[in-house]
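Q: Please see the structure below; I have some questions.
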Amino acid sequence: MKTYKPTTKSRRAMTSLPFKELLSGDAPYKPLLAKKSSQGGRNAFGRITTRHQGGGHKRRLRLVDFSYNKKDIPATIETVEYDPFRSAFIGLALYKDGERRYVVVPKETRVGSTFIVAEDAPLTVGNRLPMGKIPVGTAVFNIEIAPGTGASLVRSAGTYAEVVAHDAGYAQIKLPSTEIRKVSDLAWASIGAVGNEAHNLVVIGKAGRSRWMGIRPTVRGSVMNPVDHPHGGGEGRQGRGLRRAKSKWGKPTGKGQKTRTPKKYSNVFIVSRRKVGKRKKG
């Protein structure tokens, strides 16, 4: 991690990633850039639907490929770049047929690394193949929930899932949340773990840096009035007065609270529910 001389109180604890060591230093590939305007957490009617968003630095969207539909064509990583819209690093992949695409890169990937998307691909980091051909104990990322839908699970920095079993046409994977779920053997996944594993060690250090990132302040419910939050009210500093923590709208929240929809469509694929709070730490 990169540290700074304590020229101010906020600068003392601030840390950041050593980008010069981790990235290739190349400018973004213009044909794969798109305009992305900030909505400030508001929907088409101008109403705030996601709180604590707004402001921040202007950013351009990188068109990252999660479909991986170029099969049996080797690709070489030309650059390793920062993506302002995700925690993981991305790489510019040059396929042998001349096409370039952005992909999320695993830990060991450097400029010049190669990978291939194929049913009979070797079990090396970065390669992509069906879940049914990945042995138990292998770390995977960029996992499809259903065949052909594109990678949607395990895409954040430093994360990976572990293949724990194969049974009746399904692979059982243990996700970073500790949940164990079934995924079709025909769904595809990449071998390895997502890069930039030091992302969670970054200390923002000051409120202004959060504002640069487009994060607006969060007000605690306990300091609001009763009309504004279930935890509000009382003279001076008070406990919430409720057995279970609630959100602003009265829904369960906080550690140990079950917030999953009871009749969610994917319940049949859950082998073991995720562990939360102290159980997860243990």
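Q: Filter the chymotrypsin sites (Phe, Trp or Tyr not before Pro) in region 165-229 to those in DSSP coil with at most 13 other Cβ atoms within 10 Å of their Cβ, and list the result.
A: In loop regions of region 165-229 (DSSP not H, G, I, E or B), there are no sparsely surrounded chymotrypsin sites (Phe, Trp or Tyr not before Pro).
Q: Then there's this: Pop a pseudo-label 7 angstrom from the Cα along the beta-carbon direction at both Q257 and Y82 and give the gap in nm to one decimal.
A: Label at Q257, label at Y82, 3.5 nm between them.
Q: So what are the ³J(HN,Hα) numbers for region 95-101, from phi and the Karplus equation (6.51, -1.76, 1.60; θ = phi - 60°), rounded to whole Hz, Gly and Pro as x?
A: After applying 6.51 cos²θ - 1.76 cosθ + 1.60, I find 7, 5, 7, x, 7, 10, 9 Hz.
Q: Taking the Cα centre of each part, how many Å lie between region 12-88 and region 191-262?
A: Region 12-88 and region 191-262 have Cα centres separated by 24 Å.
Q: Also, quick follow-up: Sorted by average packing, counted as other Cβ atoms within 10 angstrom per residue and highest first, what order do 215-226, 100-111 take?
A: The most tightly packed comes first, giving 100-111, 215-226.
Q: Here's another thing I want to ask about it. State the extension gain, in nm to one decimal, for the chain segment bounded by Q39 and R216, taking 0.36 nm per residue of separation less the distance between their alpha-carbons.
A: Taking 0.36 nm per residue and subtracting the Cα distance, the gain is 62.4 nm.
Q: How big is the charge dipole of region 2-198 about its Cα centre, in debye rounded to the nearest 20, if each Lys and Arg gets +1 on its Cβ and each Asp and Glu gets -1 on its Cβ?
A: 1500
Q: A further question on this structure: Using a Förster distance of 35 Å, how high is the FRET efficiency between R273 and A146, based on the Cβ-Cβ distance and rounded to 0.05?
A: With a Förster radius of 35 Å, E is 0.95.
Q: To the nearest 500 deg cm²/dmol, what mean residue ellipticity at 222 nm is calculated for the chain from DSSP H runs of n ≥ 4 alone, each contributing -39,500 (n - 2.57), summed and divided by the residues?
A: -1500 deg cm²/dmol
Q: Could you pull out the pairs from K30/K182; K70/K133; K70/K275; K70/K107 whose alpha carbons sit more than 27 Å apart here?
A: Distance filter (> 27 Å) returns K30/K182; K70/K275.
Q: Now for a separate question. Could you work out the relative contact order of region 2-198, using alpha carbon pairs under 8 angstrom and six or more residues apart, expressed as a whole percent?
A: Here the relative contact order equals 17 percent.
Q: Taking amide hydrogens as modeled 1.01 Å from N in the peptide plane, which residues meet the under 5 Å criterion relative to R216, leaving out close sequence neighbours?
A: When sequence neighbours closer than 5 places are left aside, the close amide H contacts are Q53, G54.
Q: How about region 1-46: which chymotrypsin sites (Phe, Trp or Tyr not before Pro) there are in a DSSP loop, with at most 14 other Cβ atoms within 10 Å of their Cβ?
A: Passing both the DSSP loop test and the Cβ count: Y4, F45.
Q: Would you please state which residues of region 56-89 a label at A118 would reach in this model, taking the label point 7 Å out along Cα→Cβ and a backbone N cut-off of under 12 Å?
A: 71-75
Q: Using amide H atoms built in the peptide plane, which far-off residues or other-chain residues are under 5 Å from V271 H to H?
A: Distant-sequence amide H within range of V271: I180, R181, K182.
Q: Restricting to DSSP loop positions (anything but H, G, I, E, B) with no more than 12 other Cβ atoms inside 10 Å of their own Cβ, which GluC sites (Glu not before Pro) remain in region 178-274?
A: E235
Q: Tabulate in residue order the Karplus-calculated ³J(HN,Hα) for region 105-113, using 6.51 cos²θ - 1.76 cosθ + 1.60 with θ = phi - 60°, rounded to whole Hz; enter x for Gly and Pro.
A: In residue order, the calculated couplings are 9, x, 4, 7, 6, 10, 4, x, 5 Hz.
Q: So, R0 is 45 Å and r is the distance between the beta-carbons of V203 and A168; what FRET efficiency does that work out to, to 0.05?
A: E(calc), rounded to 0.05, equals 0.45.
Q: On full extension of the chain, what length is gained from S266 through K133, given 0.36 nm per residue of separation minus the C-alpha to C-alpha distance?
A: Extra length available between S266 and K133 comes to 45.5 nm.
We did not get these values from a lab; they are worked out from the coordinates using the rules stated. Only a predicted model underlies this, so the values are computations on that prediction, with no experimental measurement involved. Neighbour counts are summed over all protein chains in view; Cβ atoms, including those assigned to glycine, are modelled from backbone coordinates with ideal geometry.
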